[in-house]
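The values are calculated or read from the model by the stated rules, or taken from the named source; none is laboratory data. Quantities reported herein were computed from a predicted structural model and do not represent experimental measurements. Reconstructed Cβ throughout: ideal geometry from the backbone, glycine too, with neighbour counts over all protein chains shown.
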Amino acid sequence: MYKIAIAGASTLLGKELKEALEDSPLVGANFTLLDDEQGQGMLDQVGDEVTLVQAVEPDSFEKADFTFFTGSEDMTRRHWQNALRAGSTVLDLSGALEGEAGVLVRAPWVGVGTDGADLLTKAVVPAHPAALALGLLVSKVARAGAVRSVAATMLAPASEFGRAAMDELHQQTVNLLSFQSLPRAVFDAQAAYNLLCGFGESAQASLIKLEERIQRDYVALGGGRWPALALQTIAAPVFHGHTFSIAIELDKPADIAAVEEALGSDHVDLVLEDTDSPSNLAATGQNDVLVRLRPVIEGRNPAQASRFWLWAASDNLRLYAQNAVECALDLRRLRPQGLVQ
């Protein structure tokens, strides 16, 4: 039996990870739930097991096969070495460990899983869900023809920046309707009823930092297989779900039916009717990326095109948690007996 520690168990991502683990082959593991002061002392449940959220201590990771860090970057930096010393494999969902020596960015759904991982692999960063969604779509379109260029605008929800951001968006919405002043601790700007390409100078959240991480993870996952990504990130006044407007150009015209067939496969749900448009609400609770394809017809053959618009949506927290679990399942082969090695 495996032992799994979740550091940041009371965060939005921690709760989503617990649900993903309940639906995975790891549901029978023994779980240790950890958090900083805010979440300590709360009763929580994974599967049929009810447990208490404990403080993160140096010995919290003893005999843990896997430790998932789902809290702040600061929490990860303070405690990940303790997890390594305890013999645990670290899966960092905070992104704090990107760039650390020997730490791999992974996403098994796009073919980057155990390749390159071995007994010396002690820590991995499950790729950001936006990079995973974009890479997944590009890799599938590439089955129908070589991709020349990719440009995308991503609409980021408040949950991208944690529970405090969601609370502030909610309070801003309430205060605007009652003509009161707006809380600005997280965004330092009016996020409610607004679209933003940047936040205020004192903001805790950063669109630039988010954009840079998505770009890095996209490059890491592509491994030179995909063209460079031109990306713009916009803050949307919604609570959950990524949405994307993506322009893809192929080297030469391809059959539209072939592109549709390539897209409509594992982990992608191709929507064929305009009345069922992908949206952040439609993607809620879905494991797949929802996508609508619109070809740009320029030549005489209406059945072929070289340029396409994709409108896509995904559940950002769920996709992140699913990818983390997939990474753990890939690394599980390195711990066949569920014992610290």
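Test ALA144 against the criterion of being among the small types (Gly, Ala, Ser), surrounded by 23 or more Cβ atoms within 10 Å (Cβ to Cβ) and assigned to a loop (DSSP other than H, G, I, E, B), and give yes or no. The answer is no for ALA144.
When you check ALA303 against the structure, is it touching a strand residue (DSSP E or B) at 6+ places or on another chain (Cβ under 8 Å) and either aromatic (Phe, Trp, Tyr) or not assigned by TED's automatic domain parsing to the domain that holds PHE68 (or both), yes or no? Answer is yes for this residue.
Which of (1) touching a His at 6+ places or on another chain (Cβ under 6 Å); (2) not assigned by TED's automatic domain parsing to the domain that holds VAL174 does ILE214 not meet, given it meets every other one? Condition not satisfied by ILE214: (2). A single member of PHE239, PHE179, PHE187 is under 18 Å from the mean Cα position of the chain (by Cα), more than 24 Å from GLU98 (Cα to Cα) and either assigned by TED's automatic domain parsing to the domain that holds VAL268 or without any contact (Cβ under 8 Å) to a residue 60 or more places away in the chain (or both), and it is PHE239. In region 61-79, how many are surrounded by 24 or more Cβ atoms within 10 Å (Cβ to Cβ), out of contact with any Phe, Trp or Tyr (no Cβ under 6 Å at 6 or more places or on another chain) and either closer than 18 Å to LYS209 by Cα or among the polar types (S, T, N, Q) (or both)? Residues meeting the conditions: 2. Within region 84-103, the set of residues being surrounded by fewer than 16 Cβ atoms within 10 Å (Cβ to Cβ) and assigned to a strand (DSSP E or B) is empty. Is it true that some residue in region 14-25 is touching a Leu at 6+ places or on another chain (Cβ under 6 Å) and either closer than 20 Å to LEU331 by Cβ or at pLDDT 90 or above (or both)? Yes, region 14-25 has at least one match. Scanning region 160-211 for residues that are under 30 Å from LEU229 (Cα atoms) and hydroxyl-bearing (Ser, Thr, Tyr) yields TYR193, SER202, SER206. Look at region 262-291: where a residue is on the phi > 0 side of the Ramachandran plot and a partner is of a type outside the set (Ser, Thr, Tyr), sitting 6+ places away or on another chain with Cβ atoms under 7 Å, you get HIS267/TRP109; HIS267/LEU136; HIS267/ASP288; HIS267/VAL289; GLY285/ASP315; GLY285/ARG318. Scanning region 232-270 for residues that are polar (S, T, N, Q), within 18 Å of LEU290 (Cα to Cα) and at pLDDT 95 or above returns THR243, SER245.
Residues that are at pLDDT below 95, under 26 Å from PHE244 (Cα atoms) and among the acidic types (Asp, Glu) do not occur anywhere in region 107-126.
Of everything listed in (1) farther than 19 Å from PRO129 by Cα; (2) part of a strand (DSSP E or B); (3) aliphatic (A, V, I, L, M), the single unmet condition for LEU231 is (1). Within region 307-337, the residues that satisfy the criterion of being over 30 Å from GLY162 (Cβ atoms) and either under 19 Å from the mean Cα position of the chain (by Cα) or without any contact (Cβ under 8 Å) to a residue 60 or more places away in the chain (or both) are PRO336, GLN337.
Sort out which residues of region 65-94 are among the small types (Gly, Ala, Ser) and farther than 15 Å from GLY14 by Cβ, and write them in order of number.
ALA83, ALA86, GLY87, SER88
Of everything listed in (1) closer than 30 Å to SER139 by Cα; (2) in a loop (DSSP other than H, G, I, E, B), the single unmet condition for ARG216 is (2). Answer yes if at least one residue in region 271-293 is surrounded by fewer than 20 Cβ atoms within 10 Å (Cβ to Cβ), of a type outside the set (Lys, Arg), more than 27 Å from LEU13 (Cα to Cα) and modelled with pLDDT of 95 or more, and no otherwise. No, region 271-293 contains no residue that is surrounded by fewer than 20 Cβ atoms within 10 Å (Cβ to Cβ), of a type outside the set (Lys, Arg), more than 27 Å from LEU13 (Cα to Cα) and modelled with pLDDT of 95 or more. When LEU210, LEU169, LEU176 are checked against the criterion of being closer than 26 Å to TRP309 by Cβ and at pLDDT 95 or above, a single residue qualifies: LEU210.
Considering GLN38, GLN81, GLN45, the condition of being at pLDDT below 90 and either under 21 Å from LEU331 (Cα atoms) or part of a helix (DSSP H, G or I) (or both) is satisfied by GLN38 alone.
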